[in-house]
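See below for the structure under consideration.
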Amino acid sequence: MSYVEKTHRFGLLTPSSNTIQEPEFSAALPSTISLHTGRVAYRNITPQEQMRCVLELESESRKLADAEVGVIVFAATAPTLAKGKGYDRELIKRMEDASGRPATTSATAFVDALTRLGVEKIAIGAPWSKTMDKPMVEFMAAHGFEVVHSEVVGFVSAIDLGRVGPESAYELGRRTDRPEAQAIIMPGGNWPSMSVVERLENELGKPVLANNAVSLWAGLRLLKSGDSIPGYGRLLRDHLAA
């Protein structure tokens with residue numbers, strides 16, 4: 001096996017129960033970028049857990065900084081929008097102050113990606129419960145996006161969600177679509193939805209933004225590395241360049 005020099009280091013903050021993000025990020029990252037992961041305590045997809053996991057934000061960010069990563073992405077949607085508009089920016093500041101590295105979150109990435117694509121009307125397909133869905137809908141609306149429909153599956157146990165295959169994500173994407181929606185967004189980082197993005201886009205004829213793909217896109221843009229990653233939809237393929 002030939003040696004490939006790693007020119008950049010990508011820092012990922014993932015929930016402790018997540019089993020999908022590291023494989024998906026590693027598979028999609030360019031060969032010159034290495035992945036380095038910190039974990040925050042998060043077992044169930046509940047309001048209580050999303051408050052608990054951010055208590056470790058500074059300590060885990062400092063650990064990633066020890067590896068001299070070029071960026072830190074907190075790639076969990078629900079915990080990064082739990083307190084409404086502006087909360088993601090508060091978390092970013094905490095991460096950057098602790099680590100001295102540029103940082104972003106999944107919630108921020110969704111807003112930035114939709115803005116980049118010129119999307120105004122969205123449909124949301126999420127694996128969690130209706131209780132967790134309400135803050136997501138309100139967060140997107142507060143940023144000026146019209147949510148024409150939201151669909152949930154109802155998972156509470158994060159580790160159980162990680163055992164669900166990509167076909168469930170594909171089926172949710174199909175159920176979520178509405179003719180008036182200009183894009184579908186699929187939060188939830190612990191299921192392999194990245195692998196079905198391109199398939200859904202080809203069939204539905206509109207952007208499909210999955211949590212892990214959007215988080216990867218946002219981090220790579222902060223790293224200023226990579227012009228195109230094919231196979232995961234138009235965001236990573238056509239919109240990585242600054």
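Please specify each residue of the stretch 222-235 satisfying the condition of being touching a residue at least 24 places away in the same chain (Cβ under 8 Å) and under 21 Å from Val69 (Cα atoms). Hits for the stretch 222-235 are Leu222, Leu223, Ser225, Gly226, Ile229. Of everything in the stretch 116-133 that is among the basic types (Lys, Arg) and modelled with pLDDT of 95 or more, the residue that is most open to solvent (accessible area, probe 1.4 Å) is Arg116. Would you confirm whether any residue within the stretch 43-54 is touching a Gly at 6+ places or on another chain (Cβ under 7 Å) and touching a residue at least 24 places away in the same chain (Cβ under 8 Å)? So far as the stretch 43-54 goes, no, none of its residues is touching a Gly at 6+ places or on another chain (Cβ under 7 Å) and touching a residue at least 24 places away in the same chain (Cβ under 8 Å). Selection of the stretch 93-115 for residues being part of a helix (DSSP H, G or I) and surrounded by fewer than 20 Cβ atoms within 10 Å (Cβ to Cβ) yields Lys93, Arg94, Glu96, Asp97, Ala98, Asp112, Thr115.
Answer yes or no: is there a residue in the stretch 188-197 that is among the polar types (S, T, N, Q), modelled with pLDDT under 95, under 16 Å from the mean Cα position of the chain (by Cα) and farther than 19 Å from Val73 by Cα. Steps first, please.
Step one: list which residues in the stretch 188-197 are among the polar types (S, T, N, Q), which gives 190, 193, 195.
Applying the additional criterion that residues be modelled with pLDDT under 95 yields 190, 193, 195.
Among the residues that remain, those that are also under 16 Å from the mean Cα position of the chain (by Cα) are: 190, 193, 195.
With farther than 19 Å from Val73 by Cα added as a condition, the list becomes 195.
Looking for residues that are among the polar types (S, T, N, Q), modelled with pLDDT under 95, under 16 Å from the mean Cα position of the chain (by Cα) and farther than 19 Å from Val73 by Cα, one finds at least one in the stretch 188-197, hence yes.
Does Gly118 count as in contact with a Pro (Cβ under 7 Å, 6 or more places away or on another chain) and within 25 Å of Ala103 (Cα to Cα)? So Gly118 fails the test.
Quick one: which residue in Ile33, Ile72 is over 28 Å from Asp160 (Cβ atoms), open to solvent by less than 70 Å² (accessible area, probe 1.4 Å) and in contact with a strand residue (DSSP E or B) (Cβ under 9 Å, 6 or more places away or on another chain)?
Exactly one residue qualifies, and that residue is Ile33.
Here Leu172 does not fit the description of being under 18 Å from the mean Cα position of the chain (by Cα) and under 18 Å from Thr14 (Cβ atoms). Kindly provide the set of residues from the stretch 202-220 that are open to solvent by less than 10 Å² (accessible area, probe 1.4 Å) and more than 15 Å from Leu240 (Cα to Cα), ordered by number. Matches in the stretch 202-220: Val208, Ala210, Asn211.
Open to solvent by 10 Å² or more (accessible area, probe 1.4 Å), closer than 27 Å to Gly233 by Cα, aliphatic (A, V, I, L, M) and out of contact with any Gly (no Cβ under 8 Å at 6 or more places or on another chain): does that describe Leu81? Let's see the steps before the verdict.
On the way: open to solvent by 10 Å² or more (accessible area, probe 1.4 Å): no; closer than 27 Å to Gly233 by Cα: yes; aliphatic (A, V, I, L, M): yes; out of contact with any Gly (no Cβ under 8 Å at 6 or more places or on another chain): yes.
The answer is no for Leu81.
Open to solvent by 40 Å² or more (accessible area, probe 1.4 Å), over 17 Å from Asn190 (Cβ atoms), of a type in the set (D, E, K, R) and more than 16 Å from the chain's Cα centre (by Cα) - does that describe any residue in the stretch 38-58? The answer is yes, given that some residue of the stretch 38-58 is open to solvent by 40 Å² or more (accessible area, probe 1.4 Å), over 17 Å from Asn190 (Cβ atoms), of a type in the set (D, E, K, R) and more than 16 Å from the chain's Cα centre (by Cα). Yes or no: Glu198 over 22 Å from Tyr42 (Cβ atoms), out of contact with any Ser or Thr (no Cβ under 6 Å at 6 or more places or on another chain) and surrounded by fewer than 18 Cβ atoms within 10 Å (Cβ to Cβ)? No, not satisfied.
For Val119, the conditions (1) of a type in the set (Val, Ile, Thr); (2) assigned to a strand (DSSP E or B); (3) in contact (Cβ under 8 Å) with a residue 40 or more places away in the chain all hold with the exception of (2). Restricting the first member to the stretch 136-159 and to residues that are closer than 15 Å to Leu81 by Cα, and the second to residues that are polar (S, T, N, Q), the beta-carbon pairs closer than 8 Å and six or more apart or on different chains are Met136/Thr77; Met136/Ser150; Val137/Ser150.
The values are calculated or read from the model by the stated rules, or taken from the named source; none is laboratory data. Predicted model only: the values in this text are computed from it and were never measured. Heads up, the Cβs are rebuilt from the backbone with ideal geometry, glycines too, and the neighbour counts pull from every protein chain shown. What goes into the accessible areas is simple: the full protein's heavy atoms, side chains included, and nothing from ligands, DNA or RNA. Shrake-Rupley method; radii C 1.70, N 1.55, O 1.52, S 1.80 Å.
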